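The values are calculated or read from the model by the stated rules, or taken from the named source; none is laboratory data. In this text, all values refer to a predicted model and were calculated from it rather than measured experimentally. Every residue, glycine as well, gets a Cβ built from its backbone with ideal geometry; the counts of neighbours run over all protein chains shown.
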Amino acid sequence: MPNIKNKRYRRGALLVDAVVAAGISVLAIGGATATFISGSSNWLRGLGRIGAESQSRLGVRMVVNELREAITVTVDANGLGLTFTKPQVDGQGNFVMDVHGHPVSDGQTRRIFVQNQQLLYQVGSNTRRIGRGIVLIDPYKPGTDKSYRVFTPGQGAITRQLTVLLVTRSVDTEGNNYYGRKRETVFLRNIPDTTR
């Protein structure tokens with residue numbers, strides 16, 4: 001008889017062990033799932049921020065690269081666009097100069113402007129998008145007036161330097177907004193000396 005009681009006791013102990021093991025497994029799986037969901041949520045937020053920062057950085061970089069060779073720049077009164085010209089280039093890639101040693105315009109009028117949350121670049125009748133997700137409210141700006149100027153010329157009658165500021169927004173799959181902000185000042189090195 002002790003043999004039968006021992007077997008029943010062992011069977012009962014095995015059942016209790018199995019239930020405890022199953023409970024621990026459920027807790028471990030639940031904890032791992034919660035950690036995964038939390039990590040995924042953080043990853044999505046990070047991805048949204050990276051997307052917004054990348055958009056603003058890329059937009060400013062493209063504008064600055066285009067303006068580095070400009071010989072004239074005129075900023076719109078509202079600061080949302082600008083018109084500029086670039087020098088004519090010969091077959092070897094050198095600027096064509098006038099008799100005074102100043103670069104000669106290539107005759108193309110170019111515009112960069114913000115319209116419908118896009119940064120657009122227009123050369124003649126061709127327009128292409130060089131930035132997206134542009135918002136005209138800067139959430140990082142102190143005070144109650146959050147509006148800003150995309151293009152701000154430096155002091156003086158002739159634009160010799162220009163500050164470009166872009167704020168972009170990206171939205172994740174859950175509808176959360178993320179903002180990126182990039183500012184850079186470009187010095188216009190090809191403005192003719194006679195106008196200084």
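Listed values, structure above:
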| quantity | calculated |
| --- | --- |
| Test: GLY124 is at pLDDT below 90, of a type outside the set (Phe, Trp, Tyr), closer than 18 Å to VAL63 by Cα and surrounded by fewer than 13 Cβ atoms within 10 Å (Cβ to Cβ) | yes |
| Count of the range 69-101 residues which are over 26 Å from VAL135 (Cβ atoms) and either among the charged types (D, E, K, R) or part of a strand (DSSP E or B) (or both) | 10 |
| Total residues in the range 146-164, condition assigned to a loop (DSSP other than H, G, I, E, B) and at pLDDT 90 or above | 3 |
| Answer residue from the range 73-104, given it is exposed (fewer than 15 other Cβ atoms within 10 Å of the Cβ) and of a type in the set (Gly, Ala, Ser) and is farthest from GLY154 (Cα to Cα) among those | GLY91 |
| Residue in the range 158-169 that is surrounded by 14 or more Cβ atoms within 10 Å (Cβ to Cβ) and either over 21 Å from ALA77 (Cα atoms) or among the small types (Gly, Ala, Ser) (or both) present | yes |
| Test for GLY175: is it over 22 Å from VAL135 (Cβ atoms) and surrounded by fewer than 20 Cβ atoms within 10 Å (Cβ to Cβ) | no |
